[in-house]
């Protein structure tokens, strides 16, 4: 009589204390009455194969950047936890404020570092039963089984406090990032889980709108502070430039909005230099062709930064075009004449004058007289001729040159 073979896969601990996975294959040896007299077979070490299987499973379930569970796994967990025994089930969605701006200003490497730091900070606040996943970008999803809304609310407060505390004590940080959080709780069995998730997303959107101005302003302030520290750009330059631009704008009859834009542009026009290497920004000698090509990228970098900031995005075209020339030989797009926005044309004249009358590492300052002559000589080529002449007249009157 033929009896079935047996198969087993299990973990063992060897005499030396090693843990190993094995497969046992074999069959029984039976007597005439059908009783097992002995076993015969083989045991195979499959530790390496099992290790690879576990690695594949890990990669399928986890996010590569943060090591947290990925979106696909979180979808499965959401379905698993959508059962009566896990009620109340709270869901929180956390999103990093200003991540697009940080990516634009400091590079995606810095953005990725911030995402991983935030992942660790959130994870450090959680209990054993909580499930945290990285949904992509700066967004995290947190599933909290058997957690009522009050307990979940306190947990989100703890997460925000820990985040704020980390950035207060991290002296090397370029900026103070923050989190917006949306929270909702499923309390009844007949509540669709998708409705709970949508409510959390809606609260997240509302909180981001409330946080947007303060968080973005803080990041812009941090970017400018970093730029002042790494280059010849100074806050005083922005203030002087604001005065000169306002003087031109008022004499041209600009409305208040235009004057306000000039003031903001005076401070932020070179924000894109945050993305240029220090040795290029501060080089005392003439830039090489390759270095100059990199330097000419700063209007585009600046444009990307303010485009990520809702209250500043209207400045993007001015920042992008503040190095265009009246004769079409400027950069980055070779615009000419009135194709260049008026606000950018005004800034170009005032910025050139202020730069010429200040000491730089590559040349000493010019006198106001010589700087005015440079403006006059370049009217109609580098500068809008009308704005250049108006500026020259105003400076001569002001300086009594």
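For the chain, the longest principal axis of the C-alpha atoms and the axis of helix 342-356 are separated by about 80°. Expressed as a fraction of 2.2 N^0.38 Å, the C-alpha radius of gyration for the range 65-226 is 1.05. Kirkwood radius and radius of gyration were both taken over the C-alpha atoms of the chain, and their ratio Rg/Rh is 1.22. Using the empirical formula 2.2 N^0.38 Å as the baseline, the Cα radius of gyration of the range 47-102 reaches a ratio of 1.56. With the chain treated as a Gaussian network of Cα nodes joined by springs under 10 Å, which of 15, 78, 246 yields the largest mean-square fluctuation? Checking each option, the largest mean-square fluctuation is seen for 15. Both radii come from the Cα set of the range 270-347: Rg as radius of gyration, Rh as Kirkwood radius; their ratio Rg/Rh reads 1.00.
For the range 12-86, the alpha carbon positions stretch 58, 36, 19 Å along the principal axes, listed from largest to smallest.
For the chain, with a Gaussian network of springs between Cα atoms less than 10 Å apart, report the residue from 177, 316, 293 with the top mean-square fluctuation. The residue that fluctuates most here is 293.
Rounded to the nearest 0.05, what FRET efficiency do residue 363 and residue 160 have when you use their Cβ-Cβ distance and R0 = 45 Å?
0.35
When the chain is treated as a GNM with alpha-carbon contacts under 10 Å, the residue of 367, 72, 222 showing the greatest mean-square fluctuation is 367. By DSSP, what percent of the beta bridges with both residues in the chain are antiparallel, rounded to the nearest 5? That works out to approximately 95 percent antiparallel. In angstrom, the C-alpha Rg and Dmax of the range 231-399 are 15.2, 42. Could you tell me how many degrees, from 0 to 90 and to the nearest 10, lie between the Cα long axis of helix 368-377 and the main elongation axis, the longest principal axis, of the Cα atoms of the chain? Roughly 80 degrees, rounded to the nearest 10. Estimated at 0.36 nm per residue, the fully extended path between residue 126 and residue 252 surpasses their Cα-Cα distance by 39.4 nm. For the pair the range 90-109 and the range 20-71, the centres of their Cα atoms are 42 angstrom apart.
Net length available on complete extension from residue 236 to residue 42 is 61.7 nm, with 0.36 nm assigned per residue and the Cα-Cα distance removed. Maximal additional length on extending the residue 55-residue 80 stretch stands at 6.7 nm, based on 0.36 nm per residue less the C-alpha distance.
Read-outs: derived from the displayed coordinates by stated rules, not from any lab. Just so it is clear, the model here is predicted, and its values are computed rather than measured. FYI the Cβ positions are ideal-geometry reconstructions off the backbone, even for glycines, and counts take in every protein chain you see.
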